[in-house]
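Note sheet for the following structure.
The values are calculated or read from the model by the stated rules, or taken from the named source; none is laboratory data. Values in this document were obtained by computation on a predicted structure and should not be read as measured data. Glycine gets a Cβ as well: all are built from the backbone with ideal geometry, and neighbour counts include every protein chain shown.
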Amino acid sequence: MHNKHAFSHGLLRFEANFNEKTKDFIDKTADALDERLSQKMEGSALEAPILIGEPQLGTWYRIPLIDGMAADGSPIHIYLRKGTGEKLCLFFSGGGLAWNEYTAAHPTTGGPLLSGRPNYYYNNLRPVTQLLNIGAGIMETSERNPFFDYNFIVITYATGDFHIGQNDYKYTGEDGTEQVLHFHGYRNYQAAMAQASYYFPSPSSLLIAGDSAGGFAVPALAEEIADKWYPDCHDITLLTDASLLCYDGWQHTIRDLWKATEDKYACIHDEDLTYSWYKKLLTRNPDRFKCLYCGSVYDYVLSTYYNDINNRIFATDTEVQAIFRKQLSRMVWRLIDLEPSFHFMIHNLKKPLTRGTIHTAIRRIWFYTPTQGTTIATWLHEAVNGNAVNIGLELLEPRPMP
């Protein structure tokens, strides 16, 4: 009996060591490929050129932000594309978050992303991250894109702070050395908006959109954008794509780690940050914005983050995804109660070999994938033109009785 127990214990230890060695191999291989691809893209025709002079129609450009900085202290840039019309899309990119010292010490690179090891936020921009920012979904330069004629400013993200941070956060890295995470999201946003207002000073209509971490920035910064940067634009649509993370420590993170301004955390009286920020925005600005939300019902990324932030388990499963569906349902019904003209696209699109449903869709191939009798592209285009409808609410838990 003793020998059998010892064998079982030894087998489990062997499997654990084997798994870790496999992950080590994946980490090293993927990081090497990440670096090689970035080197291949850098300075080639694959990389968007730096904008010099006036932009040409339909071409993506990079604009370095002189006053900008990524989390690791490296330079940062935004993307611009000039369309044929006078409409403008300001897009806040996503890319994770850091909410404590442990997450600060685990940024995202190709290795942990593929091996499944904890990784929480992009801490720099490199050529390969261009693939995440432009080229697909609403960013696609093709005539099947109903937003083909729009002007675009993509406010890139590599600061882990929902675009609102103003802090240099000191922490201890995995190697035991003292490190600094530059939560400079708000400064980067301001520098980006200065460029946006220079190149596109008077849009006829404005779509302020964002996915994942960038989707949180939409209600957080929409009022400031409308008041300070585009006060003469009165046709403004807001779109949040896949931005729901319930956590009772939001005030602490936003106030003490990110050092955001008081208006960003004083309004939070709820673990649902998205609801809190939209509630503040809509209470202060009735009938000013057309508000939209897009998301999947069993989001595999958001449920993983929820599991980690609450249970310290960087993984998802059907049980955690069921909790996420409850949270999504609650948020949707509460936002409809808050503002009946708030409209939603709820879907159950799935990514191959992934548990649960997809994360973001607006800048991905799923923008054009048929779902719930339409496509996200069609739903969004109709909505910005005043024909908003709710799609997929039947995928949620039933609306609570009054």
For segment 254-277, how many residues are under 22 Å from PHE342 (Cα atoms) and in a loop (DSSP other than H, G, I, E, B)? 5
THR129 - would you say it is within 20 Å of SER74 (Cα to Cα), β-branched (Val, Ile, Thr) and either in contact with a Leu (Cβ under 6 Å, 6 or more places away or on another chain) or not in a strand (DSSP E or B) (or both)? yes
Can you find a residue that is surrounded by fewer than 16 Cβ atoms within 10 Å (Cβ to Cβ) and assigned to a loop (DSSP other than H, G, I, E, B) anywhere in segment 194-203? yes
Checking GLU174 against (1) modelled with pLDDT of 95 or more; (2) surrounded by fewer than 21 Cβ atoms within 10 Å (Cβ to Cβ): exactly one of these is not met. Which one? (1)
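The rows are residues; the columns are (1) outside any helix (DSSP H, G or I); (2) not basic (Lys, Arg).
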| residue | (1), (2) |
| --- | --- |
| VAL154 | yes, yes |
| ASP161 | yes, yes |
| GLU174 | yes, yes |
| VAL218 | no, yes |
| LYS228 | no, no |
| CYS233 | yes, yes |
| LEU239 | yes, yes |
| SER243 | yes, yes |
Take the residues of segment 59-92 that are acidic (Asp, Glu) and either over 21 Å from the mean Cα position of the chain (by Cα) or over 21 Å from ASN123 (Cα atoms) (or both): which is modelled with the highest pLDDT? GLU86
When TRP333 is run through (1) assigned to a loop (DSSP other than H, G, I, E, B); (2) surrounded by fewer than 21 Cβ atoms within 10 Å (Cβ to Cβ); (3) in contact with a Lys or Arg (Cβ under 7 Å, 6 or more places away or on another chain), the failure sits at (1)
If you go through segment 297-325, how many residues are more than 22 Å from ASP337 (Cβ to Cβ) and touching a strand residue (DSSP E or B) at 6+ places or on another chain (Cβ under 7 Å)? 4
